[in-house]
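This report concerns only the one structure given below.
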Amino acid sequence: MLTTLQVKSSQRSEMIDVTGQVQTVVSKSGIKDGICYLYVPHTTGAITINEGADPNVVVDILTTLDRLIPWRNNYRHMEGNAAAHIKTSLMGSSERIFIDNGKLVLGTWQRIFFCEFDGPRTRKLHVKVASL
Amino acid sequence: MLTTLQVKSSQRSEMIDVTGQVQTVVSKSGIKDGICYLYVPHTTGAITINEGADPNVVVDILTTLDRLIPWRNNYRHMEGNAAAHIKTSLMGSSERIFIDNGKLVLGTWQRIFFCEFDGPRTRKLHVKVASL
Amino acid sequence: MLTTLQVKSSQRSEMIDVTGQVQTVVSKSGIKDGICYLYVPHTTGAITINEGADPNVVVDILTTLDRLIPWRNNYRHMEGNAAAHIKTSLMGSSERIFIDNGKLVLGTWQRIFFCEFDGPRTRKLHVKVASL
């Protein structure tokens, strides 16, 4: 069963904590022991796992990506969002997290972030939960 | 069942669209609902998902990787392809895509690319299709 | 079944070959044909697959990451390890490797590395083996 979540961004570059939404899908599935697969069906948005306790970690990640891959840099892609495509491939389109006793097995500081690199937009995040 | 595709590159750095080849493996498997796992068994080649409509997106990705990780940069690895190894770890060796009704669940603009970072060569891409 | 390995680092930045430890988990599981899932439950440590034959490849990867993402760079995160968080998202928190006839299906030069970016520490690496 494939569930598609909606994620709304409000800035060009943003990391949005979707842990709660994903846990809800896992809980509703009734699966106690397995894997939760996440997939971003966009080419200018990605998924990553990182610290959520201090919001400055996200700021540092986005700022560093902007420094390494500036928005304007004589790209060939005419739509103007080449940087967003490049960041997407570096961060990755998919993640998977173990499920134990119905809960996502995340480390103490880990949260799941949808990475918006060409917002603001409304995005999709596919979630599949499987017992394994 | 593990299927191994052959991917032929013609340049040192290249992103080769393998979506059609992968979909063929999925179709032949007969699996309607599941996951397609992709794995690159090389240390100077990777896999990523990005836009295929405008070929300049791929050019921008490869050019930016070359700018950040130049081919020559006083690396210690004596084979001369250290940059290719570094790019491989940044882009990643594996991907997985959901299968729905026998089709890869890709976003409108998404294509699957084999990333060659030390070509030209003939490469392997392992594909595994599982119902889930 | 989830197995948690311990990985001990001795430097701030280090890539530790865990292939042997992971293969042991696979062998003990008795599973002959499937997938081995690896997951790092930390936000300043990651997992990657790369060449293990020449230890200089690892040196080049770590040196390049340090050049692109310096330890000090006016980050906002006050703990002082923002660079480690950023590297973690670039390298990724999870990997999966096919299992064939009870063995990890790795390429000739591939080894599995735990990436320590804020050591020295004792880290966890979750391993799940599933027949598929």
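The values are calculated or read from the model by the stated rules, or taken from the named source; none is laboratory data. Keep in mind that what you see is a predicted model, and the values were worked out from it rather than measured. Backbone-built Cβ (ideal geometry, glycine too); neighbour counts: all protein chains shown. We work out accessible area using only protein heavy atoms, side chains counted, and drop any ligands, DNA or RNA first. Shrake-Rupley method; radii C 1.70, N 1.55, O 1.52, S 1.80 Å.
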Ordered by number, the residues of region C:70-89 that have at least 20 Å² less accessible area in the complete protein assembly than on their own chain alone (1.4 Å probe) are C:ASN73, C:TYR75, C:ARG76, C:HIS77, C:HIS85, C:ILE86, C:SER89
Mean per-residue count of partner chain Cβ within 10 Å for B:37-46 equals 5
Once Lys and Arg are counted +1 and Asp and Glu -1 for all other residues with Cβ under 15 Å from that of A:THR88, the total becomes -4
Length-normalised contact order of region A:2-131, Cα under 8 Å, at least 6 apart, in percent, tallies to 55
In whole percent, the fraction of accessible protein surface over chain B that belongs to carbon or sulfur atoms, probe radius 1.4 Å, stands at 48
Between chains B and A, the summed loss of accessible surface on complex formation, probed at 1.4 Å and reported to the nearest 100 square angstrom, is 2500
Here the whole-number average of other chain Cβ atoms within 10 Å per Cβ of B:116-128 is 1
With one decimal in nm and the nearest listed first, the spacings from C:THR108 to its own position in the other copies, using label points 7 Å along Cα-to-Cβ, are 4.5, 4.5
With DSSP loop assignment and no more than 11 other C-beta atoms within 10 Å, the GluC sites (Glu not before Pro) in region B:28-112 are none
Computed, not fitted: 222 nm per-residue ellipticity of chain A from DSSP H runs ≥ 4 (each -39500 (n - 2.57)), nearest 500, equal to -8000 deg cm²/dmol
Links exceeding 22 Å between C-alpha atoms in this model, out of B:LYS87/C:LYS32; A:LYS32/A:LYS128; A:LYS103/C:LYS8, come to B:LYS87/C:LYS32; A:LYS103/C:LYS8
Mean per-residue count of partner chain Cβ within 10 Å for A:48-58 equals 6
Sorting from shortest, the nanometre distances separating the label point of A:GLY20 (7 Å past Cα along the line to Cβ) from those of the same residue in the other copies are 4.7, 4.7
In region A:92-110, accessible area falls by at least 20 Å² from chain alone to full assembly (1.4 Å probe) for A:SER93, A:SER94, A:GLU95, A:ARG96, A:PHE98, A:VAL105, A:GLY107, A:GLN110
Copies of A:ASN73 compared via label points 7 Å along Cα→Cβ give distances in nm, shortest first, of 1.1, 1.1
In Å², rounded to a whole number, the accessible area per residue of region A:2-131 with probe 1.4 Å is 39
